[in-house]
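Read through the structure below, which is laid out as structure tokens, and then see the notes.
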Amino acid sequence: MLRVWLYRFARDRKANVAVIFAIVLVPIIFLLGMTLDFSQALRKKEQLDAAADAAAIAAVRPAMLMQSDSVAQATANAIFMSVANGVSGLAATPTPTITVTDVGLGRTVSVSYNAASLNNFPKVLLNSASWPISGTATSQAAAAPNMNWYLLMDDSPSMGIGATLTDINNLITATAPSKQPASSSQNCGFACHETNISHDGGTKDNLTIARNNNVTLRIDLVTNAVNQLLNTWTNCPQSGISGGVMQCMSALNNTTYKAALYTFDTGLNTLATLTTPTLAGTQVSNISLMPVLYQNCVVSTSCNTDYGTNIAGALSSLNSIMPTPGLGSNAAGDTPQEVIFLVTDGVEDKIVSGASACPNASLASNNRCQQPLDTTMCTTLKGRGIKIAILYTEYLQLINLGPSQNITDSWYMSWVNPYDGPTSSTGKIAQNLQACASPGFFSDVTTGGNITQALTDLFIKVASSTASLTQ
């Protein structure tokens, strides 16, 4: 009888829905409550994670990198708490754990927190009054170092080339025999600065002709670029800063910069020894093209000026001047980093003692060596820890020049063209300059390109430091 009754009860479907609903209602309410509390905990975690990110970044900003660890910790703590105090629904406002680690100029900052998000369904359903949340943010950056900049500008005769193809053609036209029958160098796109023009029966050197015809030369562009670097820059993002790019970057990075200004041709010419960028800037107007006695004036007892690009010799002279670089920090006893900032067209033209001293090219007469830069001295300088930044003002391929496009520079074809191809940016000249530069510190600009912008961009690249979140 009992078995029958149980069988009938099991088969009876009256009011089963209500019973089943009652049975599953408890876990449904539990899951809904847990979902709500978990979602709220996630939103609070996102807010606290953002606070930790902001705190970590704040402690490695350029200005903060020059401060002590305790100042960095206090700054990070203040940034975190300014956000955390506004997060509602926490069991308590969390106090972050902030770790600052300095290694050399680098700083790593870690900001972590532990908090508890109050539950709307405590104990009875979830058996907990709060949901634990935590997070960590890590940032790192290298402080921009104090630096001594040795600006080394090529003033050799090849820098007298017209700044653009239009300038080159205008100078070729202005020096044509029909225009300048007494010019010392005719049909020439170089403003050769000759001091004994009477030797060739002339009355004007080509530099004078270029100036009289408002022809802009490459050395003029170099001068303008250095002027913006040291004297006048209108685009500094920080207001109230006078001077050039160097003064602006010094203020932005909270660093100390000094500058020395040199030109080079047959040797190193000192315009300003290491001083403030502003004082060095007063000598920019003294950058000038090297004069030669007359064309084809080669080595003899009385004539030795028709060569004039000893890049390796200038670097060697700087090597004897520059001290061993320091880290560039503000720590007691530390000294600035040392940087050579070279602007050149990259072709050496110098007198050497024999073929072994001219490894990259054949010798012309009278031991005159014309070749891409010999990088031996670059290796020596970098081995001392000195940085080398190079702006290559590409050597123009002097083929088919002039208004009729049928003038070819024979000297160029013999001595430079073998190293200037297939393009000026890929030939042996460019390769050696890039090998000379410190990694990442090489840039080039074509004839007619914006040398001022290129020089500014390269300087900012060398001087800049950035911070980033790593976790």
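We did not get these values from a lab; they are worked out from the coordinates using the rules stated. In this text, all values refer to a predicted model and were calculated from it rather than measured experimentally. Glycine gets a Cβ as well: all are built from the backbone with ideal geometry, and neighbour counts include every protein chain shown.
Evaluate E = 1/(1 + (r/R0)^6) for Asn286 and Ser68, where r is the Cβ-Cβ distance and R0 equals 51 Å; express this FRET efficiency to the nearest 0.05.
On the way: r = 43 Å, r/R0 = 0.84.
The calculated FRET efficiency here is 0.75.
Could you give the nm distance between label points at Ser39 and Asn330, where each point is 7 Å from its Cα heading toward the beta carbon?
Here the modelled spin labels are 5.0 nm apart.
Filter Lys258/Lys461; Lys179/Lys204; Lys350/Lys387; Lys258/Lys387; Lys387/Lys461 down to the pairs with a C-alpha to C-alpha distance above 21 Å, please. Walk me through the intermediate numbers first.
On the way: Lys258/Lys461 17 Å; Lys179/Lys204 12 Å; Lys350/Lys387 25 Å; Lys258/Lys387 15 Å; Lys387/Lys461 13 Å.
Listed pairs above 21 Å: Lys350/Lys387.
Taking H as built 1.01 Å from N, whose amide H comes closer than 5 Å to the amide H of Thr136, not counting residues under 5 places away?
Counting only residues 5 or more places away or on other chains, the set is empty.
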